[in-house]
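Working notes, structure below.
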Amino acid sequence: MLVSGLSKGAHIIEFTSVGIRVMDDFGRERFVDFAECNRNWKRFLVDSEDFPLITRETDLSESFGVGWRRSTGKPPFVEFFCDPHVRIEFPRRWPFHDADADFRRLHRQVASAGWSTLELG
């Protein structure tokens, strides 16, 4: 699912410490459950060949990851590892709109709730 950060009617309805309610571009509401994202994130790390130092024996009990983000993306985005994934993009809506500020606000909210996302660079 793609939620194009406040464009074309897509938007974040509510943010809480346990998740985010979002509305996508098609008017469908979805709840992003951070606990579910964290379980999927840990499974992804163990199963992925991109993280060879993490194995099934790795203690991930202290991992609070819920997805990844790309602050330098065009547009910037945060992708949460629920099933299916929810990607929130932050396109520039008009010439003086600061999409980066919207992106940073969501990133701070996730961190303030005790969760984290991996910066892809």
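The values are calculated or read from the model by the stated rules, or taken from the named source; none is laboratory data. Predicted model, so just to flag it, every value in this text is computed and none were measured. Please note: Cβ atoms are built from the backbone with ideal geometry, for glycine as well, and neighbour counts cover all protein chains shown. With ligands, DNA and RNA removed, areas are computed over all heavy atoms of the protein, side chains included. Shrake-Rupley method; radii C 1.70, N 1.55, O 1.52, S 1.80 Å.
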Discussion item. Of everything in the stretch 60-91, what is among the small types (Gly, Ala, Ser) and not in a strand (DSSP E or B)? Give them in sequence order.
Written reply: Ser61, Ser63, Ser71, Gly73
Item to complete: Can you tell me which residue within the stretch 68-118, out of those that are of a type in the set (Lys, Arg) and under 18 Å from Glu14 (Cβ atoms), is surrounded by the most Cβ atoms within 10 Å (Cβ to Cβ)?
Response: Arg105
Discussion item. Looking at the structure I just gave you, is Glu57 assigned to a loop (DSSP other than H, G, I, E, B), at pLDDT 85 or above and open to solvent by 60 Å² or more (accessible area, probe 1.4 Å)?
Written reply: no
Item to complete: Take Gly19 and decide whether it is modelled with pLDDT of 85 or more and surrounded by 12 or more Cβ atoms within 10 Å (Cβ to Cβ).
Response: yes
Item to complete: Quick one: in the stretch 36-54, of everything that is buried (at least 16 other Cβ atoms within 10 Å of the Cβ) and either more than 18 Å from Cys82 (Cα to Cα) or of a type in the set (Phe, Trp, Tyr) (or both), which residue is modelled with the lowest pLDDT?
Response: Ile54
Discussion item. Looking for something in contact with a helix residue (DSSP H, G or I) (Cβ under 9 Å, 6 or more places away or on another chain), assigned to a strand (DSSP E or B) and either within 25 Å of Ala10 (Cα to Cα) or of a type in the set (A, V, I, L, M) (or both) - is there at least one such residue anywhere in the stretch 30-47?
Written reply: no
